[in-house]
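Worksheet: one structure, shown below.
The values are calculated or read from the model by the stated rules, or taken from the named source; none is laboratory data. Note that this is a predicted model, so its numbers are computed, not measured. Neighbour counts run over all protein chains shown; Cβ positions are idealised from the backbone, glycine included. Note: accessible area is taken over every heavy atom of the protein model, side chains too, but ligands, DNA and RNA are not part of it. Shrake-Rupley method; radii C 1.70, N 1.55, O 1.52, S 1.80 Å.
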Amino acid sequence: DMIVKAGHRDQWANFLRMTAPIAAVMPWYGVVGNHDVNSIASQQLYQEMMNFPGNELYYSFDLLNSHFIILDTETPGQVGGIVGEQLAWLKQDLQTYAVSAQSLFVFTHRPPFPQGRYRGHNLANADELHQLFCQYGVDVVFSGHEHQYYTFQKDSVQYVVTGGGGAPIYHGGIGESFHHFLLIELLPKHISVQIFNAF
């Protein structure tokens, strides 16, 4: 989540002011959260305010011989799943880019298989997505939504929840409960993931 209340233009303007120093020196890419979009009108505002590839809601890009796929779990009328046109796009994207990518990463807001506060509230087609991720060799799926940090392995796919960017932290249960950020390094023979306390 980048703002608190979906559809509030002033919150988007404030967010863009706060991130301007980052945007001035490096590219950054967003993932739609449930506080960013909760209606057609707020989705249209999101697309107006953001400047990401494609339709700004779901898209992909290449960097350092790796392929990055950003998905939208907040599509009005399809919340909590990757279905319809987006699922067809995902399949085509994986078919096109998976073979040549040294590493393959997927980003979602809601975790496909949440293990913390929302355990049991899987994405509607989580199993179908997981099979696609296994089939095409996705290395890591990064998600937010749960305000904590944890990671777990399912078959060949590593799932990482990193929801400690600023909202109140969830305490108890699985994982780490503190504000944090991750530093991911794409090294010649492996992927390094380091977690840092944000305060």
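Quick notes
- Probe 1.4 Å, accessible area per residue of the chain, Å²: 52 Å²
- Charge dipole (Cα centre; +1 on Lys/Arg Cβ, -1 on Asp/Glu Cβ; no other charges) of the chain amounts to roughly 300 debye.
- Here the Karplus curve 6.51 cos²θ - 1.76 cosθ + 1.60, taken at θ = phi - 60°, turns the phi angles of segment 178-186 into couplings of 7, 5, 7, 9, 10, 10, 10, 10, 8 Hz, with x standing for Gly and Pro.
- For Met2, the residues whose modelled amide H falls within less than 5 Å of its own, excluding neighbours fewer than 5 places apart on the same chain, are Gly33, Asp36.
- Convex hull of the chain built on C-alpha atoms - directionally averaged projected area, nm²: 11.1 nm²
- Amide hydrogen proximity for His180: with H placed 1.01 Å from N in the peptide plane, the residues at 5 or more positions away or on another chain lying under 5 Å are Gly164, Gly165, Ala198.
- Rounded to the nearest 500, the helix-only mean residue ellipticity at 222 nm of the chain stands at -8000 deg cm²/dmol, with each DSSP H run of n ≥ 4 adding -39,500 (n - 2.57).
- Part-to-part distance (alpha-carbon centres) for segment 121-199 and segment 1-62, which is given in Å: 21 Å
- Per residue Cα convex hull volume in Å³ - calculated over segment 65-118: 84 Å³
- log10 of Debye I(q)/I(0), alpha-carbon scatterers only, for segment 48-144 at 0.15, 0.22 Å⁻¹: -0.57, -1.22
- Largest first, the residues Asp1, Asp72, Asp10 sort by 1.4 Å accessible area into Asp10, Asp1, Asp72.
- Figure note: Glu85, Glu56 ranked by solvent-accessible area, largest first, 1.4 Å probe, ligands and nucleic acids not counted: Glu85, Glu56.
- Solvent-accessible area, 1.4 Å probe, carbon plus sulfur percent, for segment 1-130: 53 percent
- Cross-link reach is defined here as a Cα-Cα straight distance under 22 Å, omitting same-chain residues fewer than 8 places apart; for Lys91 the lysines meeting it are Lys154.
- For segment 20-33, the Karplus equation 6.51 cos²θ - 1.76 cosθ + 1.60, evaluated at θ = phi - 60°, returns couplings of 4, x, 6, 4, 6, 10, 7, x, 9, 10, x, 10, 4, x Hz by residue, with Gly and Pro reported as x.
- Couplings for segment 65-71, taken from phi via the Karplus curve 6.51 cos²θ - 1.76 cosθ + 1.60 with θ = phi - 60°, read 6, 10, 10, 10, 10, 10, 10 Hz in order; Gly and Pro are left as x.
- Relative contact order for the chain, counting Cα pairs under 8 Å that sit 6 or more residues apart, in percent: 13 percent
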